[in-house]
1. Over segment 68-186, one equal point on each Cα, no solvent: what is log10 I(q)/I(0) by the Debye formula at q = 0.14 Å⁻¹?
2. Strictly over 29 Å apart at the Cα level, which of LYS140/LYS303; LYS179/LYS207; LYS57/LYS119; LYS76/LYS140; LYS137/LYS256 would you flag in this model?
3. Hey, rough spin-label estimate for THR53 and VAL11, points 7 angstrom out along Cα→Cβ, what's it come to in nanometres?
4. Provide the gained length on full extension for the span ASN178 to THR214, in nm with one decimal, where the gain is 0.36 nm per separating residue minus the Cα-Cα distance.
5. Between GLY296, GLY307, GLY58, find the one with the highest GNM mean-square fluctuation for the chain; connect C-alpha pairs within less than 10 Å.
6. Set the Förster radius R0 to 22 Å, insert the Cβ-Cβ distance between LYS269 and ILE156 as r into 1/(1 + (r/R0)^6), and round the FRET efficiency to 0.05.
7. Applying a 10 Å radius around every beta-carbon, put 36-45, 122-131 in order of their mean neighbour count, most first.
8. Using all Cα-Cα distances in segment 8-70, what percent lands in each 10 angstrom bin from 0 up to the longest?
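The values are calculated or read from the model by the stated rules, or taken from the named source; none is laboratory data. Since the model is a prediction, treat every value here as computed from it, not as a measurement. Don't worry about glycine lacking a Cβ; one is built from the backbone with ideal geometry, like all the others, and counts go over all protein chains shown. The area values use the complete protein model at the heavy-atom level, side chains included, leaving out ligands, DNA and RNA. Shrake-Rupley method; radii C 1.70, N 1.55, O 1.52, S 1.80 Å.
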Amino acid sequence: MSVYKRGSKGVFYMNFTVNGKRVFRSTGKFTKREAKLVEASEKKKILNESQLTPQEKGARTLLLDAIQETYDAKWKDGKDSMRSYRRAINLSDIIGNVPLSQITEEAVSKLIKALEKKKSSVATVNRYLASLKTILKHKKQSTDHIKLKKERNGRIRTVSKEEESTVVERLRQAPEGNKRSYYPEVGDLVEVLVDTGMRLSEALSIKYEDINFTAGLISIWINKGDRPRSLPMTRRVRDILTRRQLGESSRVFTIKDHQAQSAWTWVRKQMGLEDDKQFVLHALRHTCASRLVNKGIDLYVVKEWLGHSTIQVTEKYAHLAPAKLALATKALEEG
């Protein structure tokens, strides 16, 4: 029987299969007649849903369910999986656990206003909007009403040769003590970051099995955009990695992210740059890009070197190559 009593309370359960979908749960009813009505309603619901298009099914999906499905399909195996998931959950806190069909232009406007009220930056607002677009696209919903806000390109802080030398020297010559015992290692890290343009997380993840000393290449498998790439080593980087290989660790660098940040904060204070909020470790990545562009390296090569998703991301460094403009001027004058 598809409807029957179960348990001491005499509640009726339903147990049936429709279109390959099995339903086995309580009807919440205590009479067979009422239980059969619940069963019939459930069967009709499943039959109706089976005739819906993917877009129609997606429109009926609740936001929290869509977030979980998107996480399992797209975010779960990514580097920032939990950050993406938490951001999406925050979306539901603001918009509500509504069907995706109710995430209209008005709902998006409500989201933006709530984030701006919290003094969120334009970049943060865009991350939330991008997450929402990913969720809607995964469930075959339109995202035409979601427009990312224009971000202003701020000043790109790079590190001069003199600053780099001072940073490395002070880290390697830091007063001995347990609290600063790893500072010389951060000195090595700084030079590697400048010469490779790697993100801090990428550099800290490198293992010796990822390095081909014969070919002079470092393979980066785990990164922000899930785009593996290989980088050639400068002589300085090769020397550092060769020297560090004498240790017992399988990783090139044994320090953690917070230790690298802590050492950088210390050296910044030693140099009297506490008020320079852009003098951060990530500036070393900008420095690598800047030096490449200033040497006339094509932006598409810089894009591949840094592992950017699109050339538009790399174009923020284009203004750092004034020599090309000078050549253009010369071409016009000769014409």
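1. Log10 of I(q)/I(0), two decimals: -0.71.
2. Working: LYS140/LYS303 31 Å; LYS179/LYS207 25 Å; LYS57/LYS119 36 Å; LYS76/LYS140 20 Å; LYS137/LYS256 36 Å.
Over 29 Å apart, Cα to Cα: LYS140/LYS303; LYS57/LYS119; LYS137/LYS256.
3. Computed distance between label sites THR53 and VAL11 equals 3.9 nm.
4. Stretched out fully, the ASN178 to THR214 stretch lengthens by 9.3 nm.
5. Largest GNM mean-square fluctuation: GLY296.
6. Numbers: r = 23 Å, r/R0 = 1.04.
With R0 = 22 Å, the Cβ-Cβ based efficiency is 0.45.
7. Numbers: 36-45: 14.7, 122-131: 16.8.
Peptide ranking by packing, descending: 122-131, 36-45.
8. Calculated P(r), rounded to whole percents: 19, 37, 32, 12, 1.
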